[in-house]
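Computed from the coordinates by the stated procedures, all read-outs in this text should not be read as laboratory data. Since the structure is predicted, the reported quantities are computational estimates derived from the model, not experimental observations. Note that each Cβ is placed from the backbone with ideal geometry, even for glycine, and that neighbours are counted across all protein chains shown.
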Amino acid sequence: MTRDEQIRMAGEILSDPRNQKQEVQALQDTMYVIGGKWRLLIINSICNGNRRFRDIQRSIPGITTRMLSRELKDMEANQLIKRTVTPDTPVLVEYTETDYCMSFGGIILEMISWGKQHREKVMKSQTE
């Protein structure tokens, strides 16, 4: 994306005149929903096909059972994921992303792209 395209997009998103309080509130709301160390990793895992608790946990190095459980509950409360319980024996619990969760997929993809570029930049500067 060119600098001119970024400025045009910012102009579409930001109010005119600028309302700092509203912008801060919007950023806080966004960080609340997707913030934290684990949430985006969990979303990425679920979107990559990991539906069961243990599969999600195995796909994210370092996350504890307790933390994953808490994050999944919060994400369900914020309508980012759906928890489905099949009352067979044994009981099967699966997690799936919601359409609402998918609505910020572009943000996640941009973050992945930025992260790759950042890593390349840092690695390049270390070798110079």
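Between helix 65-77 and the chain, what is the angle of the helix's C-alpha long axis to the longest principal axis, kept within 0 to 90° and rounded to the nearest 10?
Computed tilt is about 70 degrees.
Charges only on Cβ, +1 for Lys and Arg, -1 for Asp and Glu: so what's the dipole of region 47-88 about the Cα centre, in debye to the nearest 20? Walk me through the intermediate numbers first.
On the way: 9 positive and 5 negative charges, 18 e Å.
The dipole of region 47-88 has a size of about 80 debye.
Using a Gaussian network model of the chain with C-alpha springs under 10 Å, which one of Gly62, Gly11, Gly49 is most mobile by mean-square fluctuation?
Gly11
Could you work out the local net charge near Thr86, counting Lys and Arg as +1, Asp and Glu as -1, over the other residues with Cβ closer than 14 Å to its Cβ?
Working: positive: Arg51, Arg52, Lys82, Arg83; negative: Asp88, Glu94.
Result for the local shell: +2.
Take peptides 67-79, 83-95 and line them up by average Cβ neighbours within 10 Å, highest first, as a rough protection proxy. Kindly include the intermediate steps, with their values, before the conclusion.
Details: 67-79: 15.8, 83-95: 10.6.
Ranked from most to least packed, the peptides come out as 67-79, 83-95.
Work out the length of the dipole vector of the chain about its Cα centre, built from +1 on the beta-carbon of each Lys and Arg and -1 on the beta-carbon of each Asp and Glu, and round it to the nearest 20 debye. Walk me through the numbers on the way to the answer.
Values: 19 positive and 17 negative charges, 115 e Å.
With Lys and Arg at +1 and Asp and Glu at -1, about 560 debye.
For region 19-68, what is the convex hull volume of its Cα atoms per residue in Å³? Walk me through the numbers on the way to the answer.
Details: hull volume 3.8 nm³, N = 50.
Normalising the Cα hull of region 19-68 by residue number yields 77 Å³.
Summing Lys, Arg as +1 and Asp, Glu as -1, what charge do residues with Cβ under 14 Å from the Cβ of Ile34 carry, Ile34 excluded?
On the way: positive: Lys37, Arg39; negative: Asp29, Glu71, Asp74, Glu97, Glu110.
So the surrounding residues net to -3.
Under 8 Å for C-alpha pairs, at least 6 residues apart: give me the relative contact order for the chain, rounded to a whole percent. Before the final figure, lay out the partial values.
Details: 72 pairs, mean separation 22.2, N = 128.
After rounding, I find 17 percent.
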